1. Out of all the residues in segment 142-153, which are among the aromatic types (Phe, Trp, Tyr) and either part of a loop (DSSP other than H, G, I, E, B) or in contact with a helix residue (DSSP H, G or I) (Cβ under 6 Å, 6 or more places away or on another chain) (or both)?
2. Can you tell which of Leu89, Leu43, Leu36 is at negative phi, under 18 Å from the mean Cα position of the chain (by Cα), touching a residue at least 40 places away in the same chain (Cβ under 8 Å) and exposed (fewer than 15 other Cβ atoms within 10 Å of the Cβ)?
3. Given the criterion on the phi < 0 side of the Ramachandran plot, of a type in the set (D, E, K, R) and at pLDDT below 90, identify the matching residue among Glu161, Glu97.
4. What do you reckon, is Ile144 closer than 23 Å to Tyr101 by Cβ and surrounded by fewer than 15 Cβ atoms within 10 Å (Cβ to Cβ)?
5. Say whether the condition of being in contact (Cβ under 8 Å) with a residue 40 or more places away in the chain, of a type in the set (S, T, N, Q) and closer than 18 Å to Glu6 by Cα is met by at least one residue in segment 117-136.
6. Would you confirm whether or not segment 141-160 contains a residue that is free of Cβ contacts under 8 Å to residues at least 24 places away in the same chain, more than 30 Å from Lys28 (Cβ to Cβ) and of a type outside the set (Phe, Trp, Tyr)?
7. Of everything in segment 22-32, what is under 18 Å from the mean Cα position of the chain (by Cα) and either of a type in the set (Asp, Glu) or outside any helix (DSSP H, G or I) (or both)? Give them in sequence order.
Amino acid sequence: MENLKELIKKRRSIRQFQPKELSLSLLKELVDCGRLAPSAANLQPLEFLIAIDPNLRKEIFPCLRWAAYINPAGDPKPGKEPVAYIIILVNMDIRKEGFEYDVGAAAENIILGALSQGVGTCWLISINRERLKKILSIPDNYRIDSVLALGYPAEEPVVEEFGGSVKYWKDEAGVLHVPKRKLSEILHINRFGQH
């Protein structure tokens with residue numbers, strides 16, 4: 001548990017990446033981590049599209065919105081864009097609603113699997129889905145749920161103690177600070193309000 005807990009504590013959204021390619025075999029392993037996540041009623045409506053072609057990545061990038069609280073400071077800088085994307089798709093013929101739980105479990109498996117290999121991720125849901133569907137030739141019976149941007153990190157965000165605002169920020173040195181609520185503020189034992 002200790003290694004997993006350390007990995008969870010280390011996990012932050014990465015928005016600046018090194019220009020170092022990821023192997024297709026590693027990306028397939030990460031998708032396999034997602035495939036093995038829990039699925040409600042074991043319906044398994046999720047499918048995954050890996051995008052690694054450099055020209056395709058250039059088409060995908062403008063379809064994504066990054067770090068709303070600090071826009072545009074949170075956008076990847078030129079030369080620090082993701083080197084791969086995993087697009088999480090929902091086969092609407094299998095499940096039309098309630099798939100969000102499956103997506104959350106699969107995405108977190110992929111994110112932690114990536115981090116265990118030194119790969120950073122940013123889970124994006126602010127997407128121009130119609131444009132992206134056209135670019136990737138995704139059929140109408142599939143929904144783009146979210147996109148995972150991946151690459152080796154070129155930044156090291158830090159966790160801050162929650163001080164009344166959930167808004168993350170960058171300091172003068174460009175370090176991203178992410179506030180998180182304390183365990184004692186969100187944990188209830190046996191009955192609500194009991195700590």
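1. Once the filter is applied, which keeps residues that are among the aromatic types (Phe, Trp, Tyr) and either part of a loop (DSSP other than H, G, I, E, B) or in contact with a helix residue (DSSP H, G or I) (Cβ under 6 Å, 6 or more places away or on another chain) (or both), segment 142-153 yields only Tyr152.
2. Leu36
3. Glu161
4. The answer is no for Ile144.
5. yes
6. yes
7. Leu22, Glu29, Asp32
Yes/no matrix, rows are residues, columns are (1) touching a Ser or Thr at 6+ places or on another chain (Cβ under 8 Å); (2) more than 16 Å from Thr121 (Cα to Cα):
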site	(1), (2)
Ser13	yes, no
Cys33	no, no
Leu36	no, yes
Ala41	no, yes
Cys63	no, yes
Asp75	no, no
Val90	no, yes
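The values are calculated or read from the model by the stated rules, or taken from the named source; none is laboratory data. Not measured: the values here are computed from a predicted model. Virtual Cβ from ideal backbone geometry, glycine too; neighbours counted across all protein chains shown.
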